[in-house]
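Enquirer: Structure in structure tokens, see below.
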Amino acid sequence: MNRLFAYTPTLPQAWGLVALALLSQIAGGAVAGVLMPLIGGAAQAWTVMFSYVLSFALMALIVVRLGGRTAEEVVGVPVRRLSPAVFVLLACLMPALAVTVEPLTAWIPMPDKVKQLFESTFARTLPTFLVAVVVAPVAEEWLCRGVILKGLLRHYAPRKAIIWSAILFGVLHANPWQAIPACCIAIAIGWVYWRTRSLWYCIFMHAVNNGMAFLVLLLFPDAPADATTADLAGGAYAVIYAVAVLIVLLAVLGVRRMTHVEA
């Protein structure tokens, strides 16, 4: 298990990891493309989940290989004390932050083909929920914070490490409608990781963010893929946005006060 965290990449090496992750997702998608015509109905969603898990299994093998096998290179992840109060603050922070950064992509028109792709991929099914709220938070936080950001923090100043890891996280999403907000949210997640060195907080933040998106799918089944909070909230949007900004500020101050920067 410790070998999953042994590799500490520099920035060029981190770019290489993201490129490999994208290639592994393409490979996983190719497997799904072969299997999906052979099956039907809900089984297709399980196949997509399988392809996603397969892609990150390949990345795990690559990272273990790159991390080496010597005792000096195997650094592991120490167990750190977790604060329930911090979890509560993070649970408030993530949906508010999602609303706050949403205008950054709301102005980018989404082509109809992309809408159809999003609506077919992010369906209201159990496999979609598992991928979004369980598998993706664990797999992506392991790679982007547990490996990439941890490595960058070893080689660079915290601000540079956090910003570049967030950019790489955005690139991993491979489309602007997810990449831009993902980058902004990753700055918050990276900041929390820098202060605590705990992947559990990061996984939780990621799961809350994706879980809220899935909840919107359930509550607004007829909404298009590019629907925004402004579209769904109507005249109450200004109040919702103002409250979201206030929550973000208070939550960040609270987390900052309740945590300290880990060496």
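The values are calculated or read from the model by the stated rules, or taken from the named source; none is laboratory data. Small disclaimer: the values here were computed from a predicted structure and weren't measured. A quick note on method: Cβ atoms are made from the backbone with ideal geometry, for glycine too, and the neighbour counts reach across all protein chains shown.
Enquirer: I'd like the residue in region 123-152 that is of a type outside the set (A, V, I, L, M, F, W, C), more than 15 Å from the chain's Cα centre (by Cα) and over 20 Å from residue 183 (Cβ atoms) and, out of all such residues, is modelled with the lowest pLDDT.
Expert: 124
Enquirer: Looking at this structure, is residue 208 among the β-branched types (Val, Ile, Thr) and either under 22 Å from residue 4 (Cβ atoms) or within 19 Å of the chain's Cα centre (by Cα) (or both)?
Expert: Judged against the criteria, residue 208 is a match.
Enquirer: Looking at region 228-242, can you tell me whether even one residue there is among the β-branched types (Val, Ile, Thr) and part of a loop (DSSP other than H, G, I, E, B)?
Expert: yes
Enquirer: Would you say residue 223 is of a type in the set (A, V, I, L, M) and within 20 Å of the chain's Cα centre (by Cα)?
Expert: Taking the combined requirement at face value, the residue does not satisfy it.
Enquirer: Considering only residues that are in a helix (DSSP H, G or I) and of a type in the set (D, E, K, R), look in region 243-263 and name the one that is surrounded by the fewest Cβ atoms within 10 Å (Cβ to Cβ).
Expert: 257
Enquirer: Between 249, 219, 253, which is free of Cβ contacts under 8 Å to residues at least 24 places away in the same chain and closer than 25 Å to residue 112 by Cα?
Expert: The match here is 219.
Condition check ((1) surrounded by fewer than 22 Cβ atoms within 10 Å (Cβ to Cβ); (2) touching a residue at least 40 places away in the same chain (Cβ under 8 Å); (3) among the aliphatic types (A, V, I, L, M)) across all residues:
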{"residue": "153", "(1), (2), (3)": "yes, yes, yes"}
{"residue": "162", "(1), (2), (3)": "no, no, yes"}
{"residue": "180", "(1), (2), (3)": "yes, yes, yes"}
{"residue": "197", "(1), (2), (3)": "yes, yes, no"}
{"residue": "206", "(1), (2), (3)": "no, yes, no"}
{"residue": "215", "(1), (2), (3)": "yes, no, yes"}
